[in-house]
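Presented below is the structure to which this report refers.
The values are calculated or read from the model by the stated rules, or taken from the named source; none is laboratory data. What you see is a predicted model; the values in this text were computed from it and never measured. Note that we place each Cβ from the backbone using ideal geometry, even for glycine, and neighbour counts take in every protein chain shown. Heads up: the accessible areas ignore ligands, DNA and RNA and are worked out on the full protein's heavy atoms, side chains in. Shrake-Rupley method; radii C 1.70, N 1.55, O 1.52, S 1.80 Å.
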There are 4 protein chains.
Amino acid sequence: MESNFFAELKKYFEKFPGIGPRQASRFIWALSDFPQADRENFGKLIASLGNHLARCAECYRIFSPAAPEKKLCSFCAPGSRRDQSSLMVLEKDSDLLNIEKASFYRGLYHVLGGTLDALNEDSLARERIKALHARLAKRNSASLEIILALPPTKLGEFTSEYIKKVLEPLNIKITRLGRGLSTGVDLEYADELTLKQAIDNRK
Amino acid sequence: MESNFFAELKKYFEKFPGIGPRQASRFIWALSDFPQADRENFGKLIASLGNHLARCAECYRIFSPAAPEKKLCSFCAPGSRRDQSSLMVLEKDSDLLNIEKASFYRGLYHVLGGTLDALNEDSLARERIKALHARLAKRNSASLEIILALPPTKLGEFTSEYIKKVLEPLNIKITRLGRGLSTGVDLEYADELTLKQAIDNRK
Amino acid sequence: MESNFFAELKKYFEKFPGIGPRQASRFIWALSDFPQADRENFGKLIASLGNHLARCAECYRIFSPAAPEKKLCSFCAPGSRRDQSSLMVLEKDSDLLNIEKASFYRGLYHVLGGTLDALNEDSLARERIKALHARLAKRNSASLEIILALPPTKLGEFTSEYIKKVLEPLNIKITRLGRGLSTGVDLEYADELTLKQAIDNRK
Amino acid sequence: MESNFFAELKKYFEKFPGIGPRQASRFIWALSDFPQADRENFGKLIASLGNHLARCAECYRIFSPAAPEKKLCSFCAPGSRRDQSSLMVLEKDSDLLNIEKASFYRGLYHVLGGTLDALNEDSLARERIKALHARLAKRNSASLEIILALPPTKLGEFTSEYIKKVLEPLNIKITRLGRGLSTGVDLEYADELTLKQAIDNRK
């Protein structure tokens, strides 16, 4: 029932996070009901995204370059008003957005694009940890703190341990987000690790 | 934090069914990591969708026209191999797809694009019910059965009643999908209407 | 940490439908906070349940006998005001309760206490199907209709087929609850069997 | 349809945590199918619960008294092997059970049976906070730490603050469970307070 055109377009929609074949079809039906002018504009925006959004060459977050030759986001560019003495390592852009929304953290970031995958030597995260090492090796680490803000899961822990080892020779202060009770967690169902850390980190 | 470009692109993604602002942002971040060639191709496909997919001028389902001047889908075009003696009225393309997948129905369709909205005189569904009337008035109704396959909800019932009234002067046989127990429904929790219809329709 | 007393009491609570060890413990803690008089009364009610509630010897539904020697519920006892011309076969008491609540069915019942289990020759349902046969063999079947109201699942279908075969020699009219769309079912996600039956049973 | 007996028994089952009328009915039907000997034993266990389980007069946890005159649980009785230098204040027995299962905490407890309710002057929690004050006033507080392990919710926070104020004159070290990321929490969806505390408590 699907034409080549339909199938090709559907394949792209299925690349979006959380989108399966059924929802991809539904997106195309919705697109069919957009006015033609909207489809043209929408398609043009997508095709030109590379001129308007880029990953910062330093911290790998998405930003809008003022000019195509700008490779650094406003947080990393010379003259940045962000606090240069702390750098938070994150898994993904949406984590960064949530932390920016809370607006109490004023330091720098480094987005890994994932956690380490033990089975995959060439993961994006591995490359970006190398880049983090290079980024830090260039600068004076005396007054710097690296905050590992990776997910509180096995893979997140594993990635944090790996980063610590990689950065060890640089002699930088490295901390991790505090573990303990999150808002709304029920003590009756909390896992052992969370309970233990909540007690160890009592204050 | 969002550029105009980001905001404009996000607005389009938010028009897709079930997509809120958070997921729209996530789609754009995902797009940023597509290869540039993929973004260009994807954008081109979207802009050219009007040349490849269209709503049939007769039954309003999405189809792939063999040529731009073709206004009728293969089900409705002259020479169609579909059974011309039954016509199923549906709410949406995805319902049609599910019925085609089951592949026991061989008749025609009419897609309303929604149910009637009592508060909105100019809904898409209302226009397409008018079009259904015109479509049926043209042809010999002697051997025709209209199957109302609208959702088993209040709005679906209301729309079915409305269609019946509109088509009454045409003197066509009109049926509705049988109500009763769907697979997996628990008798202990079934609503009164379903129970009553399951008993009335016993056989 | 658990005493023998706690463990023994907990074992009983775990026999209730849907209750696991964690909730059974929570029930005992709640009981500990009941006033002593309430615990004594509650315990006495449970111990004396056999004097107050019984399964009807005819239809196997739970009822309150007016006197201990009464073996038949008010639906089955001589002088019953229920419609004797239809008998609905059900899986469980809670299905019966839901149908009584809807209050349009006025006939008799037969509660199987489960569906047939292909692996278990001696299931409760099997015994009660034998009892149904005996119950029906005694009476004039001329004006009788058996309504099979078993769950719309594989096991429910299997049990319905089995009952039909067992009752065949008695030459009684046997019907099943109508299959089709239940209130709220989405046509887009309906399974093939439900769609087929909804179309076959259209009217 | 319900007899007085049924209604009275049902009322007791509805007092259990999380049990509504429908499940209470289902429990009674299940009881009807217990062997009579089991119902008698079950009822006897419930009626005699007061001889076998009690709330400790000191810490209010449920325990099995070796003899009816024993008012203190093994944790609180003279000769206890528990670490007397820490005392954890909890909302409920099931929280205590979860912490005991993790088996790294060796101190004492104090179970409030709820959190404070601003609208209810006479709540159980309020009485047990008074009792906590009395319990602590009797003993030497020099080497004692009170660990507030109340739920990470508004009411839990409110109760913690209240306890701190009540105990202030006793000059005891009071700590709270550490707040931060619990296992499995997604940084993208974490609330602002959790994020802030996770950063403040980094280490």
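For residues that are open to solvent by 70 Å² or more (accessible area, probe 1.4 Å) and touching a residue at least 12 places away in the same chain (Cβ under 8 Å), scanning just the range C:166-177, find the one that is nearest to B:GLU91 (Cα to Cα).
Filtering the range C:166-177 for residues open to solvent by 70 Å² or more (accessible area, probe 1.4 Å) gives C:168-169, C:171, C:173.
Those still in the list that are touching a residue at least 12 places away in the same chain (Cβ under 8 Å) too: C:171, C:173.
Working: C:ASN171: 44, C:LYS173: 38 Å.
Checking each candidate, the answer is C:LYS173.
From the list A:TYR189, A:TYR162, pick out the single residue that is in a loop (DSSP other than H, G, I, E, B), aromatic (Phe, Trp, Tyr) and in the same structural domain as A:ILE99 (by TED's automatic domain parsing).
A:TYR189
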For this session: From the list D:GLU100, D:GLU40, pick out the single residue that is more than 26 Å from D:HIS133 (Cβ to Cβ) and without any contact (Cβ under 8 Å) to a residue 12 or more places away in the chain.
Result: D:GLU40
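If you scan the range D:165-186, which residues turn out to be in a loop (DSSP other than H, G, I, E, B) and of a type in the set (Asp, Glu)?
D:ASP186
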For this session: Return yes when D:ALA30 is part of a helix (DSSP H, G or I), more than 7 Å from chain C (Cβ to nearest Cβ) and closer than 17 Å to C:GLU14 by Cα and no when it is not.
Result: no
Exercise. Which ones in the range B:3-29 are closer than 22 Å to A:GLY20 by Cβ and open to solvent by less than 20 Å² (accessible area, probe 1.4 Å)?
Worked result: B:TYR12, B:PHE13, B:PHE16, B:ILE19, B:ALA24, B:SER25, B:PHE27, B:ILE28
For this session: For the range A:1-27, enumerate the residues that are of a type in the set (A, V, I, L, M), assigned to a helix (DSSP H, G or I) and more than 7 Å from chain B (Cβ to nearest Cβ).
Result: A:ALA7, A:ALA24
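Could you list, in sequence order, all residues of the range B:41-91 that are in contact with an Asp or Glu (Cβ under 7 Å, 6 or more places away or on another chain), within 23 Å of A:LYS11 (Cα to Cα) and of a type in the set (A, V, I, L, M)?
B:LEU45, B:ALA47, B:ILE62
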Problem set entry | Subset of the range C:164-203 that is away from chain B (no Cβ under 13 Å) and touching a helix residue (DSSP H, G or I) at 6+ places or on another chain (Cβ under 6 Å) - its residue that is farthest from C:LYS138 (Cα to Cα) | C:VAL166
Seminar exercise, completed: In the range C:94-140, anything more than 22 Å from C:ILE174 (Cα to Cα), among the charged types (D, E, K, R) and out of contact with any helix residue (DSSP H, G or I) (no Cβ under 9 Å at 6 or more places or on another chain) is listed as C:GLU121, C:ASP122
Exercise. For B:PRO152, all conditions in the list (1) more than 7 Å from every other protein chain (Cβ to nearest Cβ); (2) part of a loop (DSSP other than H, G, I, E, B) hold save one; what is the number of the exception?
Worked result: (1)
Exercise. Can you spot a residue in the range B:65-84 that is touching a helix residue (DSSP H, G or I) at 6+ places or on another chain (Cβ under 8 Å) and among the aliphatic types (A, V, I, L, M)?
Worked result: no
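On the basis of being over 26 Å from A:ARG202 (Cβ atoms) and away from chain C (no Cβ under 13 Å), does D:GLU58 make the cut?
Considered against the rule, which asks whether it is over 26 Å from A:ARG202 (Cβ atoms) and away from chain C (no Cβ under 13 Å), D:GLU58 comes out as no.
Residue by residue, here is whether (1) surrounded by fewer than 23 Cβ atoms within 10 Å (Cβ to Cβ); (2) under 22 Å from the mean Cα position of the chain (by Cα) holds:
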position	(1), (2)
D:ALA149	no, yes
D:LEU155	yes, yes
D:PHE158	yes, yes
D:LYS164	yes, yes
D:ARG179	no, yes
D:THR183	yes, no
D:ASP186	yes, no
D:GLU192	yes, no
D:ALA198	no, no
Problem set entry | Subset tally (residues that are part of a helix (DSSP H, G or I), more than 14 Å from D:LEU45 (Cβ to Cβ) and facing another protein chain (nearest Cβ under 7 Å)) for the range C:39-53 | 3
Exercise. Are any residues in the range D:76-105 away from every other protein chain (no Cβ under 11 Å) and part of a loop (DSSP other than H, G, I, E, B), and if so, which ones?
Worked result: D:CYS76, D:ALA77, D:PRO78, D:GLY79, D:SER80, D:ARG81, D:ARG82, D:ASP83, D:GLN84, D:SER85
For this session: Keeping to the range A:30-81, report how many residues are basic (Lys, Arg) and surrounded by fewer than 17 Cβ atoms within 10 Å (Cβ to Cβ).
Result: 4
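Assess whether A:ILE146 counts as being at the interface with chain D (Cβ under 10 Å from one of its Cβ atoms) and among the hydrophobic types (A, V, I, L, M, F, W, C). It would help to see each step written out before you state the result.
Values: at the interface with chain D (Cβ under 10 Å from one of its Cβ atoms): no; among the hydrophobic types (A, V, I, L, M, F, W, C): yes.
So A:ILE146 fails the test.
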Seminar exercise, completed: Flagged in the range B:157-189 as of a type in the set (A, V, I, L, M, F, W, C) and in contact with a strand residue (DSSP E or B) (Cβ under 7 Å, 6 or more places away or on another chain), in numbering order, are B:ILE163, B:LEU167, B:ILE172, B:ILE174, B:LEU177, B:LEU181, B:LEU187
Exercise. Which residue pairs have Cβ atoms under 6 Å apart, sit 6 or more places apart or on different chains, and have a first residue in the range C:1-29 that is more than 19 Å from D:ARG55 (Cα to Cα) and at pLDDT 95 or above and a second that is open to solvent by less than 50 Å² (accessible area, probe 1.4 Å) and assigned to a helix (DSSP H, G or I)?
Worked result: C:TYR12/D:PHE42; C:PHE13/C:ALA24; C:PHE13/C:PHE27; C:GLU14/C:ALA24; C:PHE16/D:PHE27; C:PHE16/D:ALA30; C:ILE19/C:PHE13
Problem set entry | Leading residue by the ranking (farthest from C:ASP200 (Cα to Cα)) among those in the range B:125-149 that are assigned to a loop (DSSP other than H, G, I, E, B) and of a type in the set (A, V, I, L, M, F, W, C) | B:ALA142
Exercise. Any residue at all in the range B:129-147 that is at pLDDT 95 or above, closer than 16 Å to C:VAL185 by Cα and within 16 Å of the chain's Cα centre (by Cα)?
Worked result: no
